[in-house]
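Taking it in order: structure first as structure tokens, then the write-up.
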2 protein chains.
Amino acid sequence: MLVTKSQVKYIQSLGHKKFRDAEAVFVAEGPKIVEELLHVSGIRCRQVYALKEWISEVELPAAVPVQAVSAAELERLSGLSTPNRVLALFEKPSFPPPDYNEGITIVLDGVQDPGNLGTIIRIADWFGISRVLCTGDSADAFNAKAIQSTMGSIGRVQVIYDDPAGIMQQYPDLPVYAAVLGGKELYGIHRTAKGWLVIGNESKGIRPGLMELATHRITIPGSGKAESLNAAVATGIILSHLASLP
Amino acid sequence: MLVTKSQVKYIQSLGHKKFRDAEAVFVAEGPKIVEELLHVSGIRCRQVYALKEWISEVELPAAVPVQAVSAAELERLSGLSTPNRVLALFEKPSFPPPDYNEGITIVLDGVQDPGNLGTIIRIADWFGISRVLCTGDSADAFNAKAIQSTMGSIGRVQVIYDDPAGIMQQYPDLPVYAAVLGGKELYGIHRTAKGWLVIGNESKGIRPGLMELATHRITIPGSGKAESLNAAVATGIILSHLASLP
């Protein structure tokens, strides 16, 4: 069966956030992430397009619709410069309404790099954090590059795009940890059962409207000369203290 | 002045590790990293190729040779799908022979992703660690994508490609920390002044020949469901305890 023009057009449209949002569907590419997502409960696969050799090598769950495609067809569907054997459409996971009084919420203030965003979702999943709340100008978690970095955690961590400052003001009792340069040393901070951890934009940091809500401004001490740490690395380090240190 | 065919050929050749090694030169692309590297002492800039508007906006250190190029010329030189205003050639930094008895050495065992490698170099620089020792099958630190992720730390952290197991055996008194799944909890580990931190390949982990040298097998505790953490994130978390926790 050949891939139709309308299939190509549909999949290409999902390269844009607007269409991903409207359809509640996203695209994953490459054997590693597709095989991972096929086994994440809560994410339904709508369609797999793959080379015959990949199909014959993989044990697919029953009920997954698979279409064999040629290398040339895969190239037409793919957003990658070198398509990697398989591309699949998944439905976005759905979650119950978030309860911000339960556990830690990671707040992303304009994090731009999809790889950073995806890595932060994977970190949240590692530390048992169930949600990430993003400003509208943050990268989209369902961007193919972000999905690649989540390694399947996208099915277990709820990602919400909304107005973090407005929401946080409704919970005046929760502590707000802000990752900053020149703040209080991380190692003076104790584990917390709930609250917000705010991570800023890669170059501009946290905007004033969010910064003024901070109850703890924390910094990762370093004795070297780097000016800053990568946003995902900083998130991991802070959570290893805030969410996990006994 | 026009960009010559031989200039194009030379710069394109530097996309390959073999030529970067032979010439001891590497390429950086885009305003952010080029501007950063121009101000890192110990890295000499051999040539900048840039659009006129970038040249007029930036204060370049004296003695930096700059050639204005058209957008079309930049496209011929660039390894990026969308070239970003400036491309520059830098000489690789040189360092004195490493003294492994001084400080912590990060050992990378086949880390494949250049972004991870670059981010790990930046993390080393943050924590004041002066060297990264890599197996020959690790990604190259002078790959353009790795350089991008180092954010200038490539001038301050020595990256060595050699036989880590052979070298480590010459220092039988130094502790060897290996990042593993299912090891001892990180939080039981104390700060160390020197030793080795071994980080394995993104999917295969640490090879047996290195693992058998480990004196401490450490794991980052997580209560969630992610199967692993990104290699750079794990490096950052472990170092925040090993290199820095009081």
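What follows draws every value from the coordinates through simple rules; no lab data is involved. Keep in mind it's a predicted model, so treat the numbers as computed, not measured. As a convention, Cβ positions derive from the backbone with ideal geometry for all residues, glycine included, and neighbour counts pool all protein chains shown.
Dipole check for the protein assembly as shown: with +1 at the C-beta of Lys and Arg, -1 at the C-beta of Asp and Glu, and the Cα centre as origin, the magnitude is about 360 Debye. Taking every residue in A:121-128 and counting other chain Cβ atoms within 10 Å of its Cβ, the average works out to 6. Express as a percent, rounded to the nearest 5, the fraction of DSSP beta bridges in the stretch B:104-242 (both residues included) that run antiparallel. Of those bridges, close to 5 percent are antiparallel. With a threshold of 20 Å on the Cα-Cα distance, the over-threshold entries among A:Lys194/B:Lys184; A:Lys32/B:Lys204; A:Lys17/A:Lys52; A:Lys92/A:Lys204 are A:Lys194/B:Lys184; A:Lys17/A:Lys52; A:Lys92/A:Lys204. Label-to-label distance, A:Ser6 versus A:Asp137, with points set 7 angstrom from Cα along the beta-carbon direction: 4.0 nm.
Compute the signed sum of charges (Lys and Arg +1, Asp and Glu -1) over the other residues within less than 11 Å, Cβ to Cβ, of B:Ala50. Counting the neighbours of B:Ala50, the net charge comes to -3. From the square roots a ≥ b ≥ c of the eigenvalues of the alpha-carbon gyration tensor of the protein assembly as shown, which class results: rounded (a/c under 1.5), prolate (a/b over b/c), or oblate? Rounded.
Distance between the 7 Å Cα→Cβ label points at A:Val66 and B:Glu75: 4.1 nm. For the stretch A:5-91, the gyration tensor built on C-alpha atoms gives an oblate shape. Its axis ratio a/c (a ≥ b ≥ c) is at least 1.5, and a/b is not larger than b/c.
Charge dipole of the stretch B:5-91 (Cα centre as origin; +1 on each Lys and Arg Cβ, -1 on each Asp and Glu Cβ, all else neutral): 380 debye, rounded to the nearest 20.
Each copy carries A:Ala68; placing its label point 7 Å along the C-beta direction from Cα gives inter-copy distances of 5.9 nm, listed from smallest up.
If each residue's Cβ is checked for other Cβ atoms within 10 Å, how do B:Asp109, B:Asp163 rank with the fewest at the top?
Ascending number of Cβ neighbours within 10 Å: B:Asp163, B:Asp109.
Which of rounded, prolate, oblate describes the stretch A:104-242, given a ≥ b ≥ c as roots of the alpha-carbon gyration tensor eigenvalues and a/c under 1.5 marking rounded, otherwise prolate only if a/b is larger than b/c?
Values: a/c = 1.40, a/b = 1.19, b/c = 1.18.
Rounded, because the longest to shortest axis ratio a/c is under 1.5.
Each label point was placed 7 Å from the Cα along the Cα-to-Cβ direction; for A:Glu57 and A:Ala24 their separation is 3.4 nm. Under the membrane-span-like helix rule (DSSP H runs whose alpha carbons stretch at least 15 Å along the helix axis, mean Kyte-Doolittle hydropathy 0.0 or higher), chain A yields A:114-126, A:231-242.
The fewest-to-most ranking of B:Asp125, B:Asp162, B:Asp140 by surrounding Cβ atoms within 10 Å reads B:Asp162, B:Asp140, B:Asp125. Dipole of chain B computed with +1 at Lys/Arg Cβ and -1 at Asp/Glu Cβ about the Cα centre; of B:Met211, B:Asn201, B:Ala234, farthest Cα towards the positive end is B:Asn201. Placing a label point 7 Å from Cα along the Cα-to-Cβ axis, A:Lys194 is separated from the same position in the other copies by 5.0 nm, shortest listed first. Taking every residue in B:216-227 and counting other chain Cβ atoms within 10 Å of its Cβ, the average works out to 6.
At an R0 of 41 angstrom, the distance between the Cβ atoms of B:Asp163 and A:Glu227 translates into a FRET efficiency of 0.80. Between copies, B:Pro31 shows label-point distances of 4.2 nm, shortest first, with the point placed 7 angstrom from Cα along Cα to C-beta. Set the Förster radius R0 to 35 Å, insert the Cβ-Cβ distance between A:Ser41 and A:Arg191 as r into 1/(1 + (r/R0)^6), and round the FRET efficiency to 0.05. So the FRET efficiency works out to roughly 0.75.
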